[in-house]
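The values are calculated or read from the model by the stated rules, or taken from the named source; none is laboratory data. The shown structure was predicted, so the numbers you read here are calculated from the model rather than taken from an experiment. Here the Cβ positions follow ideal geometry from the backbone for every residue, glycine too, while neighbour counts run over all protein chains shown.
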Amino acid sequence: MSFLTIRNLSAELKGHGVPLLRRVSLQVAAGEVRGLVGESGAGKSMIGKAILGILPRAVAITGGEILLDGVDLLQLPPAQRRRRIGASAALIPQDPLTALNPSRRIGGQITDRLVDILGWQRARAEARARELLAEVQIAEPERVLRSYPHELSGGMRQRILIASAFAAEPRLIVADEPTTALDVTVQKQILKLIQAMQARHGTALLFVTHDLGVVSKVCQKLSVLYAGMVVEDTEVRPFFAGPKHAYSAALLAATPKYTDPAASLQPVPEAVIEAVRREVADADRRAGHG
Amino acid sequence: MAEPCAELHVVENLHLSLPDMTRKPIFGAAPRIEILRGISFALAKGSVVGIVGGSGSGKSTLGRAMVRLLEPTGGRVLFDGIDITHRGEAGLRPLRRRFQMIFQDPTSSLNPRHRVRTIIAEPLRLHGFADIDARVVRALDQVGLAREMAGRFPHELSGGQRQRVGIARAIALEPDFILADEIVSGLDVSSQAQVLNLLERLVRDLGLTLAFISHDLSVIRRLCSRVIVLRQGAVVEDRPTADLFAAPAAEYTRELLASIPLPDPDQTWG
Ligand SMILES: Nc1ncnc2c1ncn2[C@@H]1O[C@H](COP(=O)(O)OP(=O)(O)OP(=O)(O)O)[C@@H](O)[C@H]1O
Ligand SMILES: Nc1ncnc2c1ncn2[C@@H]1O[C@H](COP(=O)(O)OP(=O)(O)OP(=O)(O)O)[C@@H](O)[C@H]1O
Ligand SMILES: [Mg+2]
Ligand SMILES: [Mg+2]
């Protein structure tokens, strides 16, 4: 069985009945990388937050299961759920600046996790933090450990969050756009590093991105989300040979290729959007009746 | 009054250093870190230039110095012929509307206690615009945000939606110059295309001058006619985009091109 299994997960905005997630199902096995793509606002971060148990208060889960290592998190009492998630899953959040505490030095923010979650000695945690920063290609780990978040560039902050997610060697990592602030050379090194760590520890990785180029390099499986609904769930190779869903095909066609500047970066055509909206509405209607 | 000139933004031998607080002794001044080490270029009115470079190479710092959120420690910054290098806030105020920066980190640049409507309207009010409500709606439309988003707080938006609020706030002011710091990297390709189309329209129809910081060379190639490559606070390459892609001169640029992941599982990629 997959380490992470989500079944028919639905969520809505409390008091508004506005659906944010629509019967989402997806699985990530140990040692596997699943990409999660879809337009801005589709609900990718919501899925990540639901897994980690950190949904905003305004959002309510209305149905479904989130199984972590076979146990449905949604059935556990809050304290037990938090413990279980803390021990086996980590998030690389989308927004590096707000995820870091502005008034604390970086070093403490990485080592806390090791000390609190794994019960390490402080000295050992500090050595590990230094090692991790070097692994994510940070040139001056000593300075960075003593810095406050605002003293670092965007890409440096993002790499710190990657390092701290891997620090405790979790069995599942949800990486929410982990390389968007990185230039492509660093991105490449980081992606290789993520793959290496992930292969070494057999981590299950859910990789949120909008970059299908990145998907083609690191993912084996892919889910395409539209308006909180999975419209395609596929192996990566066949996807690039020919997506099944018209919306996924349009996304792929719109992906920029620097080798072919003229043919790329167009908005998804209106007709495709209308068709996928109809599909979502139909699915809602069926779910309402059944 | 300075004469209007063909070059809207000029940077001459720009230096910027900041105190390194991590090495500050208990008494006395902290040693300084050199972040920008003598950067020079001029941006013609209506031109679109890309700024690329590795993480920590100084792109955001350069951007902040160009719109005078930071004060350079050496060299000059001229905006429309006016020396703004060391101008005080009072002297900058009448110019501020004309040069806008859109920030890399959308969340920290949006006031969390204000609704989207206020975030976009506040600067308009400050700069004495009329028809503010209509301008807010138009800016939302232009960046592809639903009008109902005007009533939301930043934390009630997705990452890409927040990014577009930052873009809407800047373009609503109808500036002459925009410095866009990594503004599309968090957007899906379709929203990226929409934002790039919008910027292209503003350049074409309103003569906007644009400096576009991005690590995405596909986007740079599509949008910019010229590219400046930074490395450790200095310019290592400054050329027309077409030349750069045809024959990258700096080793770093070649490495950049080779590292781009194309949407193709069979690409040999390192
Ligand atoms: N607290 C909230 N209240 C109301 N709506 C919200 C709230 N948080 C998020 N939303 C909405 O939920 C939807 C899904 O948001 P989510 O952050 O998951 O999008 P996403 O797919 O991660 O997008 P992006 O690629 O832009 O980060 C969005 O339309 C967003 O506006
Ligand atoms: N307030 C500060 N105090 C000390 N150092 C700083 C400060 N702000 C920036 N720096 C340093 O200046 C360098 C350049 O930072 P900058 O944010 O300009 O990089 P960047 O090119 O925008 O990188 P990225 O692509 O990662 O966003 C970095 O090494 C950073 O640590
Ligand atoms: Mg998101
Ligand atoms: Mg930056």
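Residue by residue, here is whether (1) basic (Lys, Arg); (2) crowded, with 23+ Cβ neighbours inside 10 Å; (3) within 14 Å of another protein chain (Cβ to nearest Cβ) holds:
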position: B:Gly38; (1), (2), (3): no, no, no
position: B:Ser47; (1), (2), (3): no, no, no
position: B:Ile51; (1), (2), (3): no, yes, yes
position: B:Gly54; (1), (2), (3): no, yes, yes
position: B:Lys59; (1), (2), (3): yes, yes, yes
position: B:Arg68; (1), (2), (3): yes, no, no
position: B:Ile84; (1), (2), (3): no, no, no
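Looking at (1) touching a Phe, Trp or Tyr at 6+ places or on another chain (Cβ under 7 Å); (2) closer than 19 Å to B:Phe177 by Cβ, find the lone condition where B:Asp264 falls short.
(2) is the only condition that B:Asp264 fails.
Restricting the stretch B:131-159 to residues that are within 14 Å of ligand 3 (Cβ to nearest atom) and modelled with pLDDT of 90 or more, which is nearest to the other protein chains (Cβ to nearest Cβ)?
B:Ser158
Just to be sure before I move on: is A:Arg57 within 16 Å of ligand 2 (Cβ to nearest atom) and within 14 Å of chain B (Cβ to nearest Cβ) in the structure I sent?
no
How many of the residues making up the stretch A:193-202 are touching a helix residue (DSSP H, G or I) at 6+ places or on another chain (Cβ under 8 Å) and surrounded by fewer than 24 Cβ atoms within 10 Å (Cβ to Cβ)?
3
Being in contact (Cβ under 8 Å) with a residue 60 or more places away in the chain and more than 9 Å from ligand 1 (Cβ to nearest atom) is the filter here, so list the residues in the stretch A:40-56 that pass it.
Matches in the stretch A:40-56: A:Ile51, A:Leu52.
Across the stretch A:136-171, what is the total count of residues that are more than 11 Å from ligand 2 (Cβ to nearest atom), of a type in the set (Asp, Glu) and outside any loop (DSSP other than H, G, I, E, B)?
1
Consider B:Pro25 against the criteria (1) surrounded by 16 or more Cβ atoms within 10 Å (Cβ to Cβ); (2) more than 20 Å from B:Arg231 (Cα to Cα); (3) more than 11 Å from ligand 2 (Cβ to nearest atom): it satisfies all of them except one. Which criterion is unmet?
(1)
Does A:Gln80 meet the test of being within 16 Å of ligand 3 (Cβ to nearest atom), of a type in the set (S, T, N, Q) and farther than 17 Å from A:Phe3 by Cα?
no
Could you tell me which of the residues A:Glu279, A:Glu274, A:Glu232 is touching a residue at least 12 places away in the same chain (Cβ under 8 Å) and surrounded by fewer than 19 Cβ atoms within 10 Å (Cβ to Cβ)?
That would be A:Glu279, the only listed residue that is touching a residue at least 12 places away in the same chain (Cβ under 8 Å) and surrounded by fewer than 19 Cβ atoms within 10 Å (Cβ to Cβ).
Within the stretch B:210-217, is there a residue that is free of Cβ contacts under 8 Å to residues at least 60 places away in the same chain and within 28 Å of A:Val218 (Cβ to Cβ)?
yes
What is the residue count in the stretch A:170-184 for residues that are at pLDDT 85 or above and either polar (S, T, N, Q) or over 20 Å from B:Ala258 (Cβ atoms) (or both)?
So the count comes out to 10.
If B:Asp216 meets every condition in (1) within 16 Å of ligand 4 (Cβ to nearest atom); (2) farther than 19 Å from A:Thr255 by Cα apart from one, which number is that one?
(2)
Could you run through the stretch B:204-238 and say how many residues are closer than 26 Å to B:Leu262 by Cα and not basic (Lys, Arg)?
Total satisfying the criteria: 20.
Out of all the residues in the stretch A:45-79, which are surrounded by 20 or more Cβ atoms within 10 Å (Cβ to Cβ) and over 23 Å from A:Ala165 (Cβ atoms)?
Hits for the stretch A:45-79: nothing passes.
Name the residue, out of B:Val203, B:Val195, that is surrounded by fewer than 19 Cβ atoms within 10 Å (Cβ to Cβ), farther than 24 Å from B:Ser57 by Cα and in contact (Cβ under 8 Å) with a residue 40 or more places away in the chain.
Being surrounded by fewer than 19 Cβ atoms within 10 Å (Cβ to Cβ), farther than 24 Å from B:Ser57 by Cα and in contact (Cβ under 8 Å) with a residue 40 or more places away in the chain holds for just one of B:Val203, B:Val195, which is B:Val203.
Which ones in the stretch B:60-82 are in a loop (DSSP other than H, G, I, E, B) and either within 13 Å of ligand 2 (Cβ to nearest atom) or over 10 Å from the mean Cα position of the chain (by Cα) (or both)?
B:Arg68, B:Leu69, B:Leu70, B:Glu71, B:Pro72, B:Thr73, B:Asp80, B:Gly81
Please state which one of A:Lys44, A:Lys49, A:Lys14 is more than 16 Å from ligand 4 (Cβ to nearest atom) and closer than 17 Å to A:Asp233 by Cβ.
A:Lys44
Could you tell me which numbered condition A:Pro93 fails, if it satisfies all but one of (1) free of Cβ contacts under 8 Å to residues at least 60 places away in the same chain; (2) under 24 Å from A:His150 (Cβ atoms)?
Evaluating A:Pro93 over (1) free of Cβ contacts under 8 Å to residues at least 60 places away in the same chain; (2) under 24 Å from A:His150 (Cβ atoms) leaves (1) as the failure.
Counting only residues that are farther than 14 Å from B:Phe41 by Cβ, in contact with a helix residue (DSSP H, G or I) (Cβ under 7 Å, 6 or more places away or on another chain) and not in a helix (DSSP H, G or I), how many does the stretch B:217-270 have?
10
Mind listing just one residue for me: the one in the stretch B:162-182 that is closer than 17 Å to A:Leu97 by Cα, touching a Leu at 6+ places or on another chain (Cβ under 8 Å) and within 12 Å of another protein chain (Cβ to nearest Cβ) and, of those, surrounded by the fewest Cβ atoms within 10 Å (Cβ to Cβ)?
Ranking the qualifying residues of the stretch B:162-182, first place goes to B:Arg162.
Note down all Cβ pairs under 7 Å where the first residue falls in the stretch A:161-185 and is on the phi > 0 side of the Ramachandran plot, the second is modelled with pLDDT of 90 or more and within 16 Å of ligand 3 (Cβ to nearest atom), and they're at least six residues apart or on different chains.
Close Cβ pairs (under 7 Å, with a partner that is modelled with pLDDT of 90 or more and within 16 Å of ligand 3 (Cβ to nearest atom)) amount to A:Glu177/A:Val208; A:Glu177/A:Thr209.
For the stretch A:201-254, which positions are more than 13 Å from every other protein chain (Cβ to nearest Cβ) and of a type in the set (Val, Ile, Thr)?
Listed by number, the residues that qualify are A:Thr203, A:Val230, A:Val231.
Among (1) buried (at least 24 other Cβ atoms within 10 Å of the Cβ); (2) within 16 Å of ligand 2 (Cβ to nearest atom); (3) outside any helix (DSSP H, G or I), there is one condition B:Ser185 misses while meeting the rest; what is its number?
For B:Ser185, the exception is condition (1).
Of all residues in the stretch B:29-69, count the ones that are away from ligand 4 (no atom under 16 Å from the Cβ) and touching a Lys or Arg at 6+ places or on another chain (Cβ under 8 Å).
Number satisfying all stated conditions: 6.
Quick one: in the stretch B:101-122, of everything that is under 18 Å from the mean Cα position of the chain (by Cα) and not in a loop (DSSP other than H, G, I, E, B), which residue is surrounded by the fewest Cβ atoms within 10 Å (Cβ to Cβ)?
It comes out as B:Ser108.
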